[in-house]
Amino acid sequence: MSDSKQTMIGIIGGSGLYEIDGLENATWQRVETPWGDPSDDILTGTLDGVKMAFLPRHGRGHVHSPSTVPYRANIDALKRLGVTDVFSVSACGSFRENMAPGDFVIVDQFIDRTIAREKSFFGTGCVAHVSVAHPTCPRLSDAAETAARAVGITVHRGGTYLAMEGPQFSSLAESIMYREVWKCDVIGMTNMPEAKLAREAELDYASIAMITDYDSWHPDHGEVDINTIIATLTGNAAHARDLVARLPALLGPQRAPCKHGCDRALEFAIMTAPDKRDPALVAKLGAVAGRVLG
């Protein structure tokens, strides 16, 4: 893990986004982690003088379902490479008439309804509690919004993302509940526990949700249609590549500490006394929590 003050942008690409255009010295790297293999090798290089790392969340060829994505390995691998700032790009459905297919949403809140995933790096032998009251970084969200507007994307700043387990889409009753009772804005299957793990790893994190459809609540659109989703994904992916290409210039090669404290989330989070910590677990936490564990 690098102690450099240089920016390194990590892009976790979701459905439809499997590459970054224009990377210099682009190389696919295999990264080993104590949490298993990441979803795929990681593409590294530079863009506009800023180091970049790209990880396809589902693997090239889309081999991982939302439930089987190795979230802990993915975040550990990015931190291990020296990534400082993570942009999550993912497909989602919309609960709002004004958030239409083809629009992007810069998410700022989550409701986690996933049930089959490991959600923390910590546990018995090294307990930690981080705050995810504000799970995304405003600085990175600002950059994502600016980049989206610069390339002509219709973008909505702020929204609550309902993270469902999947892989099936919502029932009509669930969709109505999420929209009308819980007041969610978009729905997807992959941003949790990814955002929680990024916070535990002291990585600044922003979520860019690309709308592919109205969820099944919409009376004029009926149930989610996979063919329509794929067609919209194609257009969204092109816009996402244009957005990503503008991020290095916006963030710059030199990085100051995050004024929101995202990169110091573990400062007071470790609860287990040093003499009670499990050495095996502490060893596994070397990349994500080495700054505070020593």
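The values are calculated or read from the model by the stated rules, or taken from the named source; none is laboratory data. Model, not experiment: these values are computed from the prediction. Here the Cβ is made from the backbone with ideal geometry for all residues, glycine too, and neighbour counts use every protein chain on show.
Summed over segment 5-24, residues that are assigned to a loop (DSSP other than H, G, I, E, B), farther than 17 Å from ASN74 by Cβ, at pLDDT 75 or above and not hydroxyl-bearing (Ser, Thr, Tyr) total 4. When ALA133, ALA116 are screened for being out of contact with any helix residue (DSSP H, G or I) (no Cβ under 6 Å at 6 or more places or on another chain) and more than 15 Å from TYR161 (Cα to Cα), only ALA116 passes.
Right, PRO101: farther than 24 Å from ASP142 by Cα and in contact with a helix residue (DSSP H, G or I) (Cβ under 9 Å, 6 or more places away or on another chain) or not? Don't jump to the end; show me each part of the working.
On the way: farther than 24 Å from ASP142 by Cα: no; in contact with a helix residue (DSSP H, G or I) (Cβ under 9 Å, 6 or more places away or on another chain): yes.
It is false that PRO101 is farther than 24 Å from ASP142 by Cα and in contact with a helix residue (DSSP H, G or I) (Cβ under 9 Å, 6 or more places away or on another chain).
Against the list (1) without any contact (Cβ under 8 Å) to a residue 40 or more places away in the chain; (2) out of contact with any Pro (no Cβ under 8 Å at 6 or more places or on another chain); (3) part of a loop (DSSP other than H, G, I, E, B); (4) of a type outside the set (S, T, N, Q), the condition LEU43 fails is (3).
Where in segment 187-286 are the helices (runs of 4 or more DSSP H), entirely inside, with at least 1 residues that are surrounded by 22 or more Cβ atoms within 10 Å (Cβ to Cβ)? Per the criteria, 194-200, 226-251. Of all residues in segment 48-106, exactly one satisfies the criterion of being more than 24 Å from GLY166 (Cα to Cα) and in contact with a Lys or Arg (Cβ under 6 Å, 6 or more places away or on another chain), namely THR84. Looking across segment 151-186, the residues that are surrounded by fewer than 21 Cβ atoms within 10 Å (Cβ to Cβ), touching a Leu at 6+ places or on another chain (Cβ under 8 Å) and either free of Cβ contacts under 8 Å to residues at least 24 places away in the same chain or of a type in the set (A, V, I, L, M) (or both) come down to VAL151, ILE153. Restricting to segment 58-111, count the residues that are over 14 Å from the mean Cα position of the chain (by Cα) and not polar (S, T, N, Q). Count: 20.
The C-beta contact set for segment 69-85 (first residue surrounded by fewer than 23 Cβ atoms within 10 Å (Cβ to Cβ), second residue at pLDDT below 95 and among the aliphatic types (A, V, I, L, M), distance under 6 angstrom, 6+ apart or interchain) comprises ARG80/MET1. Evaluate the following for VAL83: is it closer than 14 Å to ALA201 by Cβ, aliphatic (A, V, I, L, M) and outside any strand (DSSP E or B)? Taking the combined requirement at face value, the residue satisfies it.
I'm checking my understanding of the structure. Among residues of segment 119-129 that are of a type in the set (Gly, Ala, Ser) and surrounded by fewer than 18 Cβ atoms within 10 Å (Cβ to Cβ), which one is farthest from PRO167 (Cα to Cα)? Don't jump to the end; show me each part of the working.
Step one: list which residues in segment 119-129 are of a type in the set (Gly, Ala, Ser), which gives 120, 123, 125, 128.
Restricting the remaining residues to those that are surrounded by fewer than 18 Cβ atoms within 10 Å (Cβ to Cβ) gives 120, 123, 125.
On the way: SER120: 21, GLY123: 27, GLY125: 33 Å.
Checked segment 119-129; the qualifying residue farthest from PRO167 (Cα to Cα) is GLY125.
Okay, residues lined up against (1) on the phi < 0 side of the Ramachandran plot; (2) in a strand (DSSP E or B); (3) of a type in the set (Val, Ile, Thr):
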position	(1), (2), (3)
ALA53	yes, yes, no
ARG60	yes, no, no
SER67	yes, no, no
ASN74	yes, no, no
MET99	yes, no, no
GLY102	no, no, no
